[in-house]
Every structure is written in structure tokens, then in C-alpha cells.
1. What number comes out for accessible area per residue over chain B if the probe is 1.4 Å? Units Å², please.
2. Within the protein assembly as shown, how many lysine pairs that are 8 or more places apart, or on different chains, have C-alpha atoms less than 30 Å apart?
3. Indicate, rounded to the nearest 5 percent, the antiparallel portion of the DSSP beta bridges found entirely in the protein assembly as shown.
4. Collect residues whose amide H, placed 1.01 Å from N in the peptide plane, falls under 5 Å from the amide H of residue B:206; neighbours closer than 5 in sequence don't count.
5. Do any residues of the stretch A:95-118 show a loss of at least 40 square angstrom of accessible area between the isolated chain and the full protein assembly, using a 1.4 Å probe, and if so which?
6. Hey, can you list the residues from the stretch B:51-67 whose accessible area shrinks by 50 Å² or more with all protein chains present, relative to the chain by itself (probe 1.4 Å, no ligands or nucleic acids)?
7. How far is helix A:49-62 tilted off the main Cα axis of chain A, in degrees rounded to 10, range 0 to 90?
8. Please work out how much accessible surface residue B:118 shows to a 1.4 Å probe, ignoring ligands, DNA and RNA, in Å² rounded to 10.
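The values are calculated or read from the model by the stated rules, or taken from the named source; none is laboratory data. Not measured: the values here are computed from a predicted model. Note: accessible area is taken over every heavy atom of the protein model, side chains too, but ligands, DNA and RNA are not part of it. Shrake-Rupley method; radii C 1.70, N 1.55, O 1.52, S 1.80 Å.
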There are 2 protein chains.
Amino acid sequence: MAPRTACFLVIGNEILSGRTQDANIRVLAQALNGRGIRLLEVRVIPDIPEHIITTINDCRARFDLLFTSGGIGPTHDDITAACVAEALGVPLTCHEESFHQLEALFPAGEFNKARQRMAWLPKGATPIENRVSTAPGFSLGNVHVMAGVPRIFQAMVGWLMPRLEGGAPLTSASWYSYNVYEGDLAEALTAIQHDFPTLDIGSYPFDEGQKRGVALVAKGYDAEAVTLAGAALRTLLASLGFTPLEGDPPRGA
Amino acid sequence: MAPRTACFLVIGNEILSGRTQDANIRVLAQALNGRGIRLLEVRVIPDIPEHIITTINDCRARFDLLFTSGGIGPTHDDITAACVAEALGVPLTCHEESFHQLEALFPAGEFNKARQRMAWLPKGATPIENRVSTAPGFSLGNVHVMAGVPRIFQAMVGWLMPRLEGGAPLTSASWYSYNVYEGDLAEALTAIQHDFPTLDIGSYPFDEGQKRGVALVAKGYDAEAVTLAGAALRTLLASLGFTPLEGDPPRGA
């Protein structure tokens, strides 16, 4: 059975302006792999209501699951909950349980309007718990709304993943060699892809540091086929006279 | 005049699988800011032809400029040029000049079919030059196709930017304080956003390291308004009893 598909919406001007380096895509991608859910698209979009609403509706229809990060705090640019409500055609209502939990966290007089606003969720939403912060993540239908701050995002992903229906996890086999060029092995690699049609056979040149080379990766949801394809990649590198090394090239290589 | 808008397509399974941490979004975002072009959306999509073609056509219609990275090497998973040709309805043809340049780079007998394939570009494309590699970037209409390997991507962005029609650059003013919470300043911040409707006033909590706090950022294409808004953000932090510090919080803060 094909794995369920997922899309990740990163909501926030700070990635698009280059102010912030994204740290959440990889975290979600690896968590979904482990659950056997396939991340098929990521979109980074600005804090513009029409842009967010249109994108939510496009993506929740095209993919089995939609995850979002960002825009759920107490300030004026935190508009994700309102946009999800608008997109799904439900009102924003005060989530009583979240309201009382938030209220209990703040000293008397500091639970102001801006903070109370965080307890307003789309009608029917269920909270995504996290022990790191007061930010109110929530799930509604196939939409899962999480915080943008990486530490909070990770806590929410960790809480949510075991609660999602999953499948066979994604597995991969990687081999790399120094000094080889993609052009030296392109034709043989095409043949390996043909032999393993259910897998993704990828070729990744690296040349970031002093040393350069190519990493070959077989990836898929059929663990047995991945093992066989990995052996074929190893053999290919060796047959060209290079030393095959298992795994990913060291950072900075 | 409103700045021209841009979309960035990151093509490649390696980001979606979590194997690779993206390093190109921030590079392109900052380069576009400097040229006064507004990056309005990023999409990360897999090496699936229909997915790529549909996305190219959607995004080149919705945004003034479309940039892509990835999928332009010699291997079977390098399908970006063919997908751009298909999306734009033009044939893939051998680009004579690129063919001869590539041919001259390889020793006799090593300019094989896979490498020759890199010289096949959509009809009418003009190459994006780079001194780092043989990877054939190109521009066609409002679509600019670049390599995924960060060092090559940066070289191509550096060559391309001064050749694009730009506008007034994006400027920003940032102030942050430790220990402040977003909920303490949300209402005052809304008032500042109202005072500067042409700017984005953003609030970014940070709590990655030992210290936590909030950074406030005013950003826009009107440098004078940015300066005034920056002063208002500084005053806001001071008025709440916090020490305003200029710029972005130190990494790991």
C-alpha cells in the first residue's frame, strides 16, 4: 500500500526574508519517515491572510495530512488559528480547557487580552500538547497546527507522531566515494533505478569542503528491496575503481 | 511602487526525506532583498515530473519571477530542464555553445552521453554562468534554473542578481530584549503596526539557549519609515522596563 502523503506549511515572513534559517523541515521530515508517512511538499508562505487561507485549502485537499508551523502566539502577526478557521468554514471559539490552563499559568493581572486570544481555536479543534510552552497547537480534521519556535515545534511533533496512523517506515541505504563524478556513473545508475522501480535511487554530489565526491542513496518503504539496491550501489562504486564508504559523507566533506 | 514578487522552487527528494538540511533558501532570500525583489513563497517538491511541471506552471503565472534549484546534473534524477521545457511548451534542444564548452572540459572519451545530456536545454534558454562547475543553469522567460549544490547555487545567484531588474532594497530595523514575553507587548505592537501600514512589524520569541526573550523587527522597502518604526520598537521595549539591544539576538541565545 502506498504510504499516506503529507504537506508542511511553514508560515512566517522571517524565513522568506532570510532573517531566520529554517530548522523545522528536517525535523518533521525525519519524524514522518519514521511513521511511514511521505512528506511530498513543503511551502513557506508569508503572514498574509488570503495567502494562508488559499494555501491551506489547496494543500489539505491535495495531501492526506497537512502540518503547519508558525503564527500561533499572542501578537498581531499570529493569525494561523483564524486562517484555519476561515479555510475550514468554522468559527473561532474560546477553547474552555485551554483558557483555564493558560489562566492558571499567569500571575493575576497578566492574563491580558493578547494572551487570552491564544485560547481561541477553530471550533472542533483538539489541542496538541507540549510541556515547553503555552503556545496552543491544535488538530482539526487533517490539519495539524504547531508552533514555529524550533524547541516548541519539536515538542509538539514528538507528542503528535505516535497519535497519527502510520505505515511501514521509510528506510534507506547510502554509499559514497570520494573523487567520483556523477557523469562517470550516470548510465549504470539509471539501470539500477530500472531494477528497483518502487525505490528512489538518488545521486548527490558533495563538494563543500576540501574533498568532493558523490553519495548514492536507495530509499523506500520496502526494506528488503532497499537492502538489495544498497548492495548494487556499493558494487557500482567498487566496479569503477572507487572505495565505497557506507552512510553519508562526513559534514563539511 | 510595489516590489516585484518571486517564488523559489527547491526540487529534490533529499530535502523532503530529511537527508539534507536546506542551505539555499536563506541565500536566495537575502540576495533578492538586496535587489528589492520580494520572495513571497518557497516550495520544496520531489523529483516527480508531473509534480514539477504543474508547480512550475502554477508558480510562474502567480509570481513575477520563478527561481528553481536542483535536478540539473547528468543523472537519471536530473529532470528539471526537461520539465521546464514541457511546462513552457518548447522542445529540449542541444545548446551548441554549452555543448562545446562542456566537451572542452573533459578528456577524450569521458564526454559520454550522460554528460552530453547536460547541454540539452529548453529552446530559447540562455545559460546562467558560473565558474565553480559544469552544471548548466539557465534562464527562460521569467524562470531561472540553478543547481542544488550550495556552492554552485551561490555562484549562480551571484552571477544572476545584478542582471535582474530590481527596485529599492528591503531594509529592516531590529531590537530585542531578554526576559520579555510576547504577551507583555502584543497590544502596543499592534498599535505600531497600525502606525506603519506599509511595513511588516514582526515579533520573534527566542529561547534556544540559556536565555530567552523577544526580537522585534520592522521591515519594508521604505527606508525612512523603517528607521522611524525601529525607534518606536526600541521605545516600546524601554517603556516596559527592559533593556533594548540593537540587531538580532546572538546565535544560540
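1. Numbers: 10920 Å² over 253 residues.
Result: 43 Å² per residue.
2. Numbers: A:113/A:123; A:113/B:211; A:113/B:219; A:211/A:219; A:211/B:113; A:219/B:113; B:113/B:123; B:211/B:219.
So the count works out to 8.
3. Details: 55 of 89 bridges.
Once the DSSP bridges in the protein assembly as shown are tallied, antiparallel ones form about 60 percent.
4. B:213, B:214, B:215
5. A:115
6. Listed in order, they are B:51.
7. 50
8. Per-residue accessible area (residue B:118): approximately 10 Å².
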